[in-house]
Amino acid sequence: MGAEQPAAPHGHPPAPTHSRITLTVNGTPHTLAVDHRATLLDVLRERLGLTGAKKGCDHGQCGACTVLVDGRRANGCLLLAVAQDGAGITTVEGLAGDPDDGDALHPLQRAFLDRDAFQCGYCTPGQLCSAAGVLDEAAAGHPSYATDPAAPPAQGPVRLTPDEIRERLSGNLCRCGAYPNIVAAVEDVSRAR
């Protein structure tokens, strides 16, 4: 049987439960009908087969589901997919950019490998997407709690010190404790920019 529609009050038609949306995911537009209750994470994983973003806590507390939405990092488990209609989504699968060059890695992916910045790897996709967002935020001059208020950047980038990186990535948990290597990998990439 199909999904039941909610009871309509006094002759009114039932409220719709699905909407047709378009998401541009990793550069490819996808138009699909989604349940109004579906999260972006569930649509990415279950409807589009992009399983890089992980379901960790399902409460926005671990960061395993971090993706980039219009270039800004966000927890996919907290976003309703219907609210992202028209958005550009980047997952770890699209982080490197060119899907035709399967061997190319994003500089962060290369640095995570070089620095052995993962163990079990469950949090790694979220760490990578979050780190990509951090690099862009710092390059745009957005301060963090760790940015020295006495010396704010003068319309320029914020230098990503280990303290800055730790503060900015504090929403992404690593249960294996690979934090020192994650920080070193992000610092390597920030210096190379």
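Residues in region 12-37 that are open to solvent by 70 Å² or more (accessible area, probe 1.4 Å) and more than 13 Å from residue 90 (Cα to Cα): 12, 13, 16, 18, 20, 31, 37. Screening the candidates 172, 181 for the property of being touching a strand residue (DSSP E or B) at 6+ places or on another chain (Cβ under 7 Å) and surrounded by 15 or more Cβ atoms within 10 Å (Cβ to Cβ) yields one hit, 172. Taking the criterion of being within 14 Å of residue 125 (Cβ to Cβ), open to solvent by less than 20 Å² (accessible area, probe 1.4 Å) and either of a type outside the set (A, V, I, L, M) or not in a loop (DSSP other than H, G, I, E, B) (or both), the residues of region 43-73 that qualify are 44, 52, 62, 63, 65, 66, 67, 68. Against the list (1) open to solvent by 80 Å² or more (accessible area, probe 1.4 Å); (2) out of contact with any Cys (no Cβ under 8 Å at 6 or more places or on another chain), the condition residue 112 fails is (1). Consider region 79-99 and keep the residues that are without any contact (Cβ under 8 Å) to a residue 40 or more places away in the chain and under 15 Å from residue 131 (Cβ atoms). The one that is surrounded by the most Cβ atoms within 10 Å (Cβ to Cβ) is 95. Regarding residue 151, is this residue at pLDDT below 95, open to solvent by 20 Å² or more (accessible area, probe 1.4 Å) and closer than 30 Å to residue 30 by Cα? Considered against the rule, which asks whether it is at pLDDT below 95, open to solvent by 20 Å² or more (accessible area, probe 1.4 Å) and closer than 30 Å to residue 30 by Cα, residue 151 comes out as no.
The values are calculated or read from the model by the stated rules, or taken from the named source; none is laboratory data. All values reported here derive from a predicted model rather than from experimental measurement. Backbone-built Cβ (ideal geometry, glycine too); neighbour counts: all protein chains shown. In case anyone asks, the SASA skips ligands and DNA or RNA and just uses the protein heavy atoms, side chains included. Shrake-Rupley method; radii C 1.70, N 1.55, O 1.52, S 1.80 Å.
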